[in-house]
1. Hey, could you check region 77-91 for residues that are aliphatic (A, V, I, L, M) and more than 17 Å from the chain's Cα centre (by Cα) and say which is nearest to Arg15 (Cα to Cα)?
2. Considering only residues of region 92-142 that are farther than 22 Å from Arg8 by Cβ and small (Gly, Ala, Ser), which is farthest from the chain's Cα centre (by Cα)?
3. Going through region 116-173 one residue at a time, which ones are of a type in the set (A, V, I, L, M, F, W, C) and modelled with pLDDT under 90?
4. Within the set of pairs 6 or more residues apart or between chains, which connect a residue that is under 10 Å from Gly59 (Cβ atoms) and touching a residue at least 40 places away in the same chain (Cβ under 8 Å) inside region 89-103 to a residue that is of a type outside the set (Val, Ile, Thr) and assigned to a loop (DSSP other than H, G, I, E, B) with Cβ atoms less than 6 Å apart?
5. Scan (1) part of a helix (DSSP H, G or I); (2) surrounded by fewer than 22 Cβ atoms within 10 Å (Cβ to Cβ) for the single condition Leu72 breaks and write down its number.
6. Looking at (1) surrounded by fewer than 18 Cβ atoms within 10 Å (Cβ to Cβ); (2) in contact with a Lys or Arg (Cβ under 7 Å, 6 or more places away or on another chain), find the lone condition where Ala90 falls short.
7. Within region 75-101, how many residues are part of a helix (DSSP H, G or I) and at pLDDT 95 or above?
8. Those residues that are surrounded by fewer than 15 Cβ atoms within 10 Å (Cβ to Cβ), in a helix (DSSP H, G or I) and not polar (S, T, N, Q), I need them from region 6-40; list them, please.
Amino acid sequence: MQPSECLRRVGTLVRERLPSELRAFRYESISFQSKLWYGNKDLHYEIWSRERLGTIEIGLHFEADPLTNARLLAAFGANAKAIRRALTDARIEEWDRGWARVWEPLPHRKADESLAQELAERIAAYVTTLEPILRRELPSDVAWSEAACPPRRATDRAAKPLQKAEARSPKARAAAPSRASRSAR
């Protein structure tokens, strides 16, 4: 199996492993990297195969503007104990270009069905653990729905659209601002 085929396979496999309320995600995959997201592509789960470094990185990336990333990093840091109970090897840290992430490295290995299954299990664990925190802590001024945005890549066209239950309206988010956004004021 080619690495790109393995990563494409993960999208189908992870959907089967998630509770019904988390199955309406968007997914794209290129030869060495896959991204899964809900309402804002800048806040996405990623699988990044880094063969030369001997690792596969898996986790939630905050690649929005620096202020949003910092606010989410602080919010996830405040939830570190709960996160580490569910994801024992997770690291919560600042990263390149003002970005931040909650992630873990896995040993790099040959792309096959077994690896696709393992990656789907890990990313499903990340989504199940972190998505409720992300939705609760998302600052009310951060865009969530991409429904009006055209697909960015050919692989997006096949992605399932957001369901109304999955995308919180700005009005609903404004009514329940996050702790991070209150502390930043």
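1. This residue is Ala82.
2. Filtering region 92-142 for residues that are farther than 22 Å from Arg8 by Cβ and small (Gly, Ala, Ser), the one farthest from the chain's Cα centre (by Cα) comes out as Ser140.
3. Ala143, Trp144, Ala147, Ala148, Cys149, Ala154, Ala158, Ala159, Leu162, Ala165, Ala167, Ala172
4. These pairs meet every condition: Arg101/Trp95; Val102/Ala90.
5. (2)
6. Of the numbered conditions (1) surrounded by fewer than 18 Cβ atoms within 10 Å (Cβ to Cβ); (2) in contact with a Lys or Arg (Cβ under 7 Å, 6 or more places away or on another chain), the odd one out for Ala90 is (1).
7. Of the residues in region 75-101, 11 are part of a helix (DSSP H, G or I) and at pLDDT 95 or above.
8. If the condition is that a residue be surrounded by fewer than 15 Cβ atoms within 10 Å (Cβ to Cβ), in a helix (DSSP H, G or I) and not polar (S, T, N, Q), then Glu16, Glu21 are the ones that fit.
The values are calculated or read from the model by the stated rules, or taken from the named source; none is laboratory data. What you see is a predicted model; the values in this text were computed from it and never measured. Heads up, the Cβs are rebuilt from the backbone with ideal geometry, glycines too, and the neighbour counts pull from every protein chain shown.
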